[in-house]
Structure formats: structure tokens, C-alpha cells
Amino acid sequence: MLPAILFLLNKEVGAKPKIKGRSFKLLKNKNVLLLMLVAVFLVFGVFGCGGPATPPADEDAGEEPAAEFEGEVLLGIMVPTTGSEASDGGDMENAALLAVEEINAAGGVLGHKIVTSTGDDGCDPSKATAAASKLISEEVFSVVGGYCSGATLPTLKLYGDAGIPFVIAASNATTLIDENPGWAFMINSTGDAQAAKALEWFEGLGVETISLVDDGSAFSVDLKDQTKAAWEAAGYAVLTEDRVETGTQDFSAVVTKIMDAGPDAVYWTAYQGLGALLIMQLRQNGYEGIIMVGDGSSAQELIDLAGPDAEGVYCTAPPKVDFLPAAQDFISGYKEMFPREPGAYAGLMRDATYLLVDAVERAGSFDGEAIKAALAATDSFEGLSGPVEFTPQNTLNRSNFVIIVAKDGKWALAE
């Protein structure tokens, strides 16, 4: 009898049960547990090897019982963990891992434990394609992440063809909208909303002429184009437009051009590494006008790199947790779990993870089509960064941008 039971056990453990139309490997199965108990009783009963029973856990010990799960489901995380934007990507990954730990502690999703797999997109289109292919082959039920728009762009069709919902936490170029086959949902406001925020703030400061500088990346070019269109439509002038290549150290040609034109303000639309160098070289060459940077430069790293030259620089920023009253518990939990402060997109990544789990629960299924439909039907999901509802194009239906300013070596709210 025992060999027969062991045969059944091996057969059950090797099975891959179906969950609502998609196959996932589960750690536990009720039939497996039952057969294991039968086997244990037979072994100890027939062969007389039983020892003293293990005493029950002390109910007064005050320990929470561990959550019991029916099995595991795999969530994909796609962020840059290598390359120039690895710091922000690692921060986003951390935020997702913290959210998953909290969700599992509360019982998981539909009775299942969430485990994660990270795909490193390196903020590079080819690496992002490889990262997406990896996650798809691992049969993730959904993906959260997306930092650099240029890297996110080629993955949209891949996830769509595979029927895998993708909640995008940071990437926000308007070019993503036309390429989205309907499976991606953007919870960071798009580039046109950021351009409108920049226009509003510049007008409030009395700015009439600006210079625009980008780095050639999809996000940066889109923000520059959106800002130029909005600025000129409002009747103002763009005096100069320039592009610098990744790895540039000497901005003298760009700085000279800006100084000769004499704009009231300069708007850097790309990431913090080059942005800090541009700020330093503008100030050190005597530029006294207003400097503003886009949300790709909203990390503390920009101020740390630029030092005193960053003082007074404005930023069209995402909803950073530092300025969200509802995020204080998240900040404490993040700092306890990781040896760093949560960054610019930590709150959005946390919200993306919780939103996805909320959609799965509303769908009552891990089926991609069901999750996609639930995401589209989201009605005022309350995240740390505010309510989430989607337009018919799967973009956030409101602007979430705020203006922050570098003050005394830190970012502070400017409004």
C-alpha cells in the first residue's frame, strides 16, 4: 500500500493545476496534503516508529499564525536594475517587494501567495524586449513597472500578444498611448499634463521666453515637444532647442548658445545625471535665470550631484511620498526593510502593485482578460498618490504633477 501512496504523491506534486484559464505551479494542494497525512499515519502506524506527539503551539505566546496559501502566483516586475537609471529602478523594485510582503501577510490574493520575478530592462529597448520575453516565458499573471518610456515602448505589444496586463508606474511619454494594444495601464500622468504644469508655473513666475534641452530619449523628447507646443500656443517664445548625448560631460556649446539667447528660463526634460551637469555649467558660467527640470530628474540624486548650484531649481515632479500625508506608514516600512529613503516613484510603484491585486480580486480570477477588464473599470481606487481612474486610452484621468524646489540641499514643495 505504501508504494502506491508514494506513487500518487509524486504524481500530484508534479501536477500544474489550472487557475482560471492560466497555468501556475502551486506550492500546496489540498489533495497533496491529504495524501501526505495518510502516508504519515500509515508509516507510523504500520511500522511502529511513532514518537511523542509535538506539543501544540502556545496560544498565549502572542505570535500571529502564518498565513496558509493554496499556492503561489508569479508577478513580474520590469524596471532598470543596471545602467544609468538603476537607482530609480531598484527603488521601484523595492517598493513592489514591500507591497507584496504586506499583501501576503494579509492573506495574499484569492488565497494565493504572490512571488515575484524581476526583468531588468536597463532603460534600453533591446534589454527591455529580453526582460519582457523572460517574464512572459515564466508565465507571470501580470507585470508592474516601466521607468524609461523608450524601454517600455517595445514591450507593450509583447505583453499584449501574451495577454498579460501591465500596470505602468513611471513611464509617461504620450507616444506610449498610440502603441498600447490595450493591455497597459498608466498611473503616472502623461507628458502633455506635465507640459501643462510647466507652462502654468512658468507663467506664474512671469517667464516669457525659454530654452529647451533634451537627451534624445523617448520620454525627454516627448516632454520637450509637448512643452514647446503648449508654450508657443500660449503666445510665448522658445529661443533655443538643444539635445545632448548620453555620456556628455562638456555642455559648453549648449551653455554658450543659451547665454547668448538670454531666455528667462531653461527647462531640462531628461534624467538627473546629465541634468546636474547642465545646471552646474549654466550657473558656473553666469546664468541667473530660472532653471526647471522634468520628472526624470526629480530624485534627490540631482541635488546631491549639482550641490549648491541646484539651490532654487524647480521640478515638475511626480507625487513623491515625502509630500504625501497618507504615505508615512509606507515610508517607515520602506526604511525598515531597505537601507535607503524611498525615491521619486516608490509611491507610484506601491500603488501599481496594490491596484493590480485589487483588480485581480474584483475579477475573481488570474485570467488576463478578466484582470484587464477589471483594471479598465477601476473606480476611484485610493492609492497613496491619490485616486486612480482611467481614460478610454488607459491613462490616468487627472494630472498628478506637483512643483518642487531645491532648498537647503533637499526637495521641498513649491506650492
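The values are calculated or read from the model by the stated rules, or taken from the named source; none is laboratory data. Only a predicted model underlies this, so the values are computations on that prediction, with no experimental measurement involved. For neighbour counting, all protein chains shown are included, and Cβ atoms are generated from backbone atoms with ideal geometry for every residue, glycine included.
The figures follow:
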| read-out | value |
| --- | --- |
| Residue satisfying all of: in segment 313-348; in contact with a strand residue (DSSP E or B) (Cβ under 7 Å, 6 or more places away or on another chain) and among the β-branched types (Val, Ile, Thr); surrounded by the most Cβ atoms within 10 Å (Cβ to Cβ) among these | THR316 |
| Tally, over segment 220-249, of residues that are closer than 13 Å to LEU277 by Cα and touching a helix residue (DSSP H, G or I) at 6+ places or on another chain (Cβ under 8 Å) | 4 |
| Scope segment 65-75; condition among the hydrophobic types (A, V, I, L, M, F, W, C) and either modelled with pLDDT under 95 or assigned to a loop (DSSP other than H, G, I, E, B) (or both); matching residues | ALA66, ALA67, PHE69 |
| Yes/no for SER171 being of a type outside the set (A, V, I, L, M, F, W, C), buried (at least 20 other Cβ atoms within 10 Å of the Cβ) and assigned to a helix (DSSP H, G or I) | no |
| Check on LEU282, at pLDDT 95 or above and either farther than 10 Å from ALA406 by Cβ or among the polar types (S, T, N, Q) (or both) | yes |
| Qualifying residue in segment 204-214 (condition: crowded, with 24+ Cβ neighbours inside 10 Å, β-branched (Val, Ile, Thr), outside the structural domain of GLY312 (by TED's automatic domain parsing) and in contact (Cβ under 8 Å) with a residue 40 or more places away in the chain) | no |
| Pick from segment 327-379, criterion of a type in the set (A, V, I, L, M) and in a loop (DSSP other than H, G, I, E, B), ranking: nearest to GLY90 (Cα to Cα) | ALA344 |
| Filter result for the condition that a residue is surrounded by 15 or more Cβ atoms within 10 Å (Cβ to Cβ), among the acidic types (Asp, Glu) and in the same structural domain as ALA169 (by TED's automatic domain parsing), over ASP351, ASP309 | ASP351 |
| Residue check, GLY286 assigned by TED's automatic domain parsing to the domain that holds ASP408, in contact (Cβ under 8 Å) with a residue 12 or more places away in the chain, of a type in the set (Gly, Ala, Ser) and out of contact with any strand residue (DSSP E or B) (no Cβ under 9 Å at 6 or more places or on another chain) | yes |
| Tally of residues being within 25 Å of SER87 (Cβ to Cβ) and part of a loop (DSSP other than H, G, I, E, B) across segment 254-311 | 7 |
| Enumeration of residues in segment 81-116 that are in a loop (DSSP other than H, G, I, E, B), among the hydrophobic types (A, V, I, L, M, F, W, C) and closer than 19 Å to VAL140 by Cβ | LEU110 |
| Qualifying positions in segment 380-415 - closer than 22 Å to LEU75 by Cβ and either without any contact (Cβ under 8 Å) to a residue 12 or more places away in the chain or assigned to a strand (DSSP E or B) (or both) | PHE381, GLU382, GLY383, VAL388, PHE390, LEU396 |
| Restricting segment 398-415 to residues that are surrounded by 14 or more Cβ atoms within 10 Å (Cβ to Cβ) and of a type outside the set (A, V, I, L, M, F, W, C), the residue that is farthest from LEU176 (Cα to Cα) | LYS407 |
| Close pairs from segment 291-316: first at positive phi, partner outside any helix (DSSP H, G or I), Cβ under 9 Å, at least 6 apart | GLY307/GLY409; GLY312/ILE290; GLY312/ILE291; GLY312/VAL405; GLY312/ALA406; GLY312/LYS407 |
| Top-ranked residue of segment 205-219 - restricted to ones that are in contact with a helix residue (DSSP H, G or I) (Cβ under 7 Å, 6 or more places away or on another chain) and not charged (D, E, K, R), ranked as nearest to ASP295 (Cα to Cα) | PHE219 |
| Residues of segment 76-114 satisfying the condition of being at pLDDT 95 or above and hydroxyl-bearing (Ser, Thr, Tyr) | THR81, THR82 |
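Okay, residues lined up against (1) under 18 Å from the mean Cα position of the chain (by Cα); (2) under 26 Å from LEU199 (Cα atoms); (3) aliphatic (A, V, I, L, M):
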| position | (1), (2), (3) |
| --- | --- |
| MET259 | no, yes, yes |
| TYR267 | no, yes, no |
| GLY275 | no, yes, no |
| MET280 | no, yes, yes |
| LEU305 | no, no, yes |
| LYS335 | yes, no, no |
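Residue by residue, here is whether (1) surrounded by 18 or more Cβ atoms within 10 Å (Cβ to Cβ); (2) touching a Pro at 6+ places or on another chain (Cβ under 7 Å); (3) among the hydrophobic types (A, V, I, L, M, F, W, C) holds:
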{"site": "ALA218", "(1), (2), (3)": "yes, no, yes"}
{"site": "GLY247", "(1), (2), (3)": "no, no, no"}
{"site": "MET259", "(1), (2), (3)": "no, no, yes"}
{"site": "ASP264", "(1), (2), (3)": "no, no, no"}
